[in-house]
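Below you'll find the structure, written out as structure tokens, and then a few comments.
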């Protein structure tokens, strides 16, 4: 649907006046994002509806600028006293203005710049106010073969192709069956199919040694803001029992994987740390898990809270008091606003209790690479995303450039129950594997624990017998890691270069339009002055 969804909007008559055009684009964007983000309302405060208001502003700007461009291109005869009947008919029928470009060169330049503008606004949404690059148009292709185009330009490249396709199909209709649109579209289709087929058949450079065997545990523990002994005991029982069962059934596994927020407490809570010590001595396997961690370092008086991933074994000292030296860990760098920290919390401390988690977390600073142990084989370098971080391509790319042979996401989507949030989150993780050409193991608290291949295939998810992904269980994954510093994809080497080029193209194009409009108005003022 991403390749045709904009056609009705492109063919519908554009409203008169800048205010109505902004309102029309906003209504279109809000209708989309309100549905796409409805799952976020489950956390309270109408979070999905509020965030949809912000995201819709970007589409309002895009549609307004689109109308500005088309209005500039309309033949001046329309504004004359006696416009031709054909021009009037086109103006009434196709007010958005695709018909207005008399020359094909102008038409293709316009739709290329309009598609680049869309990508530029998606890129802007990905970093402004800490960024929310959720559900970009390109992400819609996560479970389609076209996702492999991300190795070239990331999800932004797919967004560009999808929007351009909408313009070409609408142009074919609006320009009275302009067959050049079909020929260009066929050329794009041939390129995309050829690139995806080539990427799917590329031979990966894998290690020849034995695979890394990881037993992933999915506890399906309900999330709660206020937890006590009952919730802690239930969560511990779920993860401890399943871990013991996994090791008993598969004694040759190399390590255990727990998701983010497996237990509703900090790592140094006595019941949690004592239980982990006993479990590690019993199973004699390292555990990689995500947990809140409380630390106090001199000369700070107040403790700092981190959302961290830890690689623990029976000799780990990380489970001691809050002041103990941390060993193998990664602190989440990109925190979620209003979920893990509240902007301006020092000025308005009451917001922390009302909107956040009852605390302000501290962001990490170092992109730590874990060395995952294997029996009789070298350790595997792994970069770990914590929850929302796998939505940002730059983080996984930083891990890959630092030598990661595989990627991992540990997440806690229990806050959103059985809504679409978990599946949308999985869609973003698929792209992180494709962009960097590295396998990605995803560990969810309540759903979508799976292995994602370097081509984006979702393999062996943990599901109930009836296929329901929202279940408790465990599964062993055999991962053959890539060689260290294996060849990188074009996207891993260049990052968001394509998005930057789209930003530059949009700025140059619309800057030129602004100059033209300024010169036109200046000429009209001088002509009016001379006539007076």
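So which of 161, 190 ends up being exposed (fewer than 15 other Cβ atoms within 10 Å of the Cβ), outside the structural domain of residue 389 (by TED's automatic domain parsing) and assigned to a helix (DSSP H, G or I)? Outline the logic, then answer.
Working: 161 fails: exposed (fewer than 15 other Cβ atoms within 10 Å of the Cβ).
When all the criteria are applied, what remains is 190.
The residue that is modelled with the lowest pLDDT, counting only those in region 1-33 that are within 20 Å of residue 141 (Cα to Cα) and not in a loop (DSSP other than H, G, I, E, B), is 7. Residues in region 438-471 that are farther than 21 Å from residue 289 by Cβ and out of contact with any helix residue (DSSP H, G or I) (no Cβ under 9 Å at 6 or more places or on another chain): 459, 463, 464, 465, 466, 467, 468. Among the numbered conditions (1) at pLDDT 95 or above; (2) not in a helix (DSSP H, G or I), the only one that residue 119 does not meet is (2).
Conditions tested, residue by residue: (1) over 21 Å from residue 383 (Cβ atoms); (2) assigned by TED's automatic domain parsing to the domain that holds residue 369; (3) in a loop (DSSP other than H, G, I, E, B); (4) modelled with pLDDT of 90 or more.
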residue: 242; (1), (2), (3), (4): yes, yes, no, yes
residue: 248; (1), (2), (3), (4): yes, yes, no, yes
residue: 256; (1), (2), (3), (4): no, yes, no, yes
residue: 260; (1), (2), (3), (4): no, yes, yes, yes
residue: 273; (1), (2), (3), (4): yes, yes, no, no
residue: 292; (1), (2), (3), (4): no, yes, no, yes
residue: 321; (1), (2), (3), (4): yes, yes, yes, no
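The values are calculated or read from the model by the stated rules, or taken from the named source; none is laboratory data. Just so you know, these numbers come straight off a predicted model, no measurement behind them. No Cβ is skipped: glycine too gets one built from the backbone with ideal geometry, and neighbour counts run over all protein chains shown.
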